[in-house]
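Below is one structure, written out as C-alpha cells; the observations come after it.
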Amino acid sequence: PEAIPASEIAADTNAGRAVAYLSKILGGLGCEDFSITVQLLENSVILNLEGEGLGVVIGRRGETLDALQYLTSLSCNNGGGYYRVNINIGNYRERREATLRSLAKRMSAQAIRTGRSRSLEPMNPYERRIIHTTVQGIEGVTSSSSGEGNNRYVVIRPEGGAHGRDDYRRGGRGDRRSRPRNSAPAPAVDPN
C-alpha cells in the first residue's frame, strides 16, 4: 500500500488515533523535527517515522520502539476490536530482520560444524519467529524456544546430534568443568 502523509488521515479513525497518540509521545520525548507517513491495511496500519534524533525512540535492540508500538496499539484499540499498529523508523525493522537472519545462519553453521547447541540472547516473539523461520530453511539444524516471559530465547541444535550445552546466551557456562555441589574443596597440602 502507498504511504500517505499523516495529515491526510481522519482523526476519528483508528489510524488517526494512533497518529495522534504517537505524535504526542514523540513530542514528550523531545523529538521535534519528524514526519509520519501512514500505510493503511485491512485492520492494521504501518506508521513510518522519518527525522533527526529518532534513535532514542528505537532504543536498545528496538525495545523502546516495541514498547511504543504496543502502547500506541492500546491507545487506538480502547473501543473494542483489534487494530494492529506497526511502527517503523528509517527502515529499522528491515535492517533488524536482516541482522537476525544473518545471526541465525551463522549460529546454525556453528551448530553443524561443532555438533553442539547454540543458545541466543533473549528476544521478543517477533524476533524469535524470524530466527525459527530462517533455521527451518537450513538443512542439518532445528530450533526451539526456551525460558519464560522476557527471558525466552532460541536454541539452535544440530539435527540428530548430541544436545551439548554450548550456551552462547550465558557466556559459555556449559563448557565449564565444575565439581559436584556437595563436595568439599580439596584439603590444603602442607609443603613441609
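The values are calculated or read from the model by the stated rules, or taken from the named source; none is laboratory data. Given the structure is predicted, the values throughout are model-derived calculations rather than measurements. Quick reminder, even Gly has a Cβ in these numbers, built from the backbone with ideal geometry, and neighbours come from all protein chains shown.
Residues that are over 21 Å from the mean Cα position of the chain (by Cα), of a type outside the set (A, V, I, L, M, F, W, C), surrounded by fewer than 20 Cβ atoms within 10 Å (Cβ to Cβ) and closer than 28 Å to residue 49 by Cα are absent from the stretch 104-112 altogether.
Condition check for residue 65 on (1) more than 23 Å from residue 150 (Cα to Cα); (2) in contact with a Gly (Cβ under 7 Å, 6 or more places away or on another chain); (3) outside any loop (DSSP other than H, G, I, E, B): one failure, at (1). Residues in the stretch 11-29 that are surrounded by 13 or more Cβ atoms within 10 Å (Cβ to Cβ) and outside any loop (DSSP other than H, G, I, E, B): 14, 15, 16, 17, 18, 19, 20, 21, 22, 23, 25, 26.
Exactly one residue out of 52, 32, 8 is loosely packed, with under 11 Cβ neighbours inside 10 Å, acidic (Asp, Glu) and closer than 30 Å to residue 121 by Cα: that is 52. The C-beta contact set for the stretch 119-147 (first residue acidic (Asp, Glu), second residue part of a loop (DSSP other than H, G, I, E, B) and modelled with pLDDT under 95, distance under 9 angstrom, 6+ apart or interchain) comprises 139/159. In this structure, residue 99 does not qualify as out of contact with any helix residue (DSSP H, G or I) (no Cβ under 9 Å at 6 or more places or on another chain), touching a residue at least 12 places away in the same chain (Cβ under 8 Å) and more than 15 Å from residue 22 (Cα to Cα).
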